[in-house]
Amino acid sequence: MTAPADTWVKSERQLARERAHRRAGLRHGSIAAASTILCVAVVAVVVLSSPGWPRVHETFFNWGQFTEALPDVLSGFWLNVKIFLIAEPVILVLGLLVALARGLRSPLFFPVRMLAVAYTDVFRGIPTILLVYLVGFGLPALKLQGLPSDPAVLGGLALVLSYGSYVAEVFRAGIDSIHPSQRAAARSLGLSQAQALRFVVLPQAVRRVVPPLLNDFASLQKDTALVAVLGPLEALRQAQIHSADTFNYTPYLAAAVLFIALTVPMARFTDHLAVRAERRRAPGGK
């Protein structure tokens, strides 16, 4: 039975090209798998045959210490997650407001613009752990009514101040990347400056900066461990307590595994969004 006249049939050349692509894909996959296995095997042989491996295994990879410390480290890890979930939206709002303030061009808003510039310059220049110390111990020393005294809250505030400055620059870069013709077209349609910014510029800018924002938030999730210097019983602090009791560093490995389990999926999701954005910018992309 012959195919209908309007049915598209692949040519022999197209079929041959697809077979060649499949063979090349299988060949590349096989080479990648073999090279990966070889590299892992070489690293494993070097590490396991090193003179100090038994001591390292006992000190850092003790399964008994791992299972004993994991419940407490996991309970502390939920505090890290809470700090992250509360700080993230606050950082987004703060960063966007600072970025918008830096974009104000009217002489009337010169003090606001200079304050935004000073904020980003100062808080990007201070190491995050130093800022945690300054906020965590400096604010309570002022003894002002209404200021928080909870170490976890103070640590979260320090993270907000630090990461808000970085996120502000990410948003500002996204806004500046939008071609001026977009704003001019919006103005020609009767939109005000604020409406053009809200409905035309910001949606495009936010879409462009989603991957770098997610990278910042992956770093934020890790840096929630810095609040341990103020004393809250989060994952790193719990690991420190167990390590001090047993003189074994395996509890730190338990904390590292929990952070990796949260940050790696976020990193892969960031890569996926970056690839999708690149495809959309490509000619004919969707």
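The values are calculated or read from the model by the stated rules, or taken from the named source; none is laboratory data. Keep in mind it's a predicted model, so treat the numbers as computed, not measured. Note: ideal-geometry Cβ built from the backbone for every residue, glycine included; neighbour counts use all protein chains shown. Areas reflect the complete protein model, heavy atoms only, side chains present, ligands, DNA and RNA absent. Shrake-Rupley method; radii C 1.70, N 1.55, O 1.52, S 1.80 Å.
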- Note down the relative contact order for region 132-231 as a percent, whole number, built from C-alpha pairs under 8 angstrom at least six residues apart. 41
- Message: Placing unit charges on C-beta atoms (Lys and Arg positive, Asp and Glu negative, everything else neutral), compute the dipole magnitude of region 144-254 about its Cα centre in debye, rounded to 20.
- Response: 680
- Message: Which residue fluctuates most in the GNM of the chain (Cα springs below 10 Å): 184, 274, 244?
- Response: 184
- Ranked from highest to lowest mean number of other Cβ atoms within 10 Å per residue, what is the order of the peptides 156-165, 115-124? 156-165, 115-124
- Carbon + sulfur, % of accessible area of the chain - ligands and nucleic acids excluded, 1.4 Å: 67
- Indicate the gyration tensor shape class of region 188-286 (rounded, prolate or oblate), computed on the Cα atoms with a ≥ b ≥ c the square roots of the eigenvalues: a/c under 1.5 is rounded; otherwise a/b larger than b/c is prolate and the rest oblate. oblate
- Task: Would you list, by chain and number, the aspartates and glutamates whose Cα falls below 18 Å from the Cα of residue 10, excluding same-chain residues fewer than 8 positions away?
- Result: 18
- A student applying the Cα gyration tensor rule (rounded when a/c is under 1.5; otherwise prolate if a/b is larger than b/c, oblate if not) would label the chain oblate
- Segment residue 256-residue 145, length gained on full extension (0.36 nm per residue, minus Cα span): 36.2 nm
- Message: What are the membrane-span-like helices in the chain by this rule: whole DSSP H runs, Cα extent along the axis at least 24 Å, mean Kyte-Doolittle hydropathy at least 0.5?
- Response: 12-48, 63-102, 151-177
- Query: For the chain, what's the relative contact order in percent, using C-alpha pairs closer than 8 Å and at least 6 residues apart?
  - Reply: 26
- Quote the charge dipole size of the chain about the Cα centre in Debye, to the nearest 20; the model charges only the Cβ of Lys and Arg (+1) and of Asp and Glu (-1). 1640
- Message: At 1.4 Å probe radius, can you tell me the per residue accessible area of region 1-105 in Å²?
- Response: 74
- Item | Among 155, 193, 142 - extreme Cα towards positive end, dipole of region 141-198, charges at beta-carbon | 193
- Task: Select from 115, 219, 44 the residue farthest towards the positive end of the dipole of the chain; place +1 on Cβ of Lys and Arg, -1 on Cβ of Asp and Glu, and compute about the Cα centre.
- Result: 115
- Query: Going by average Cβ neighbours within 10 Å, how do the peptides 125-132, 250-257 rank, with the highest at the top?
  - Reply: 250-257, 125-132
- Query: Packing-wise, with mean Cβ within 10 Å as the measure, how do 74-82, 57-65 rank, highest first?
  - Reply: 74-82, 57-65
- For the chain, whose charge dipole is built from +1 on Lys and Arg Cβ atoms and -1 on Asp and Glu Cβ atoms, the candidate among 73, 98, 261 with its Cα farthest towards the positive end is 98
- Item | region 209-250: C-alpha gyration tensor shape, a/c 1.5 cut-off, then a/b vs b/c | prolate
- Task: Take every Cα pair under 8 Å in region 200-257 that's 6+ residues apart, average their separations, divide by the length, and report that relative contact order as a whole percent.
- Result: 18
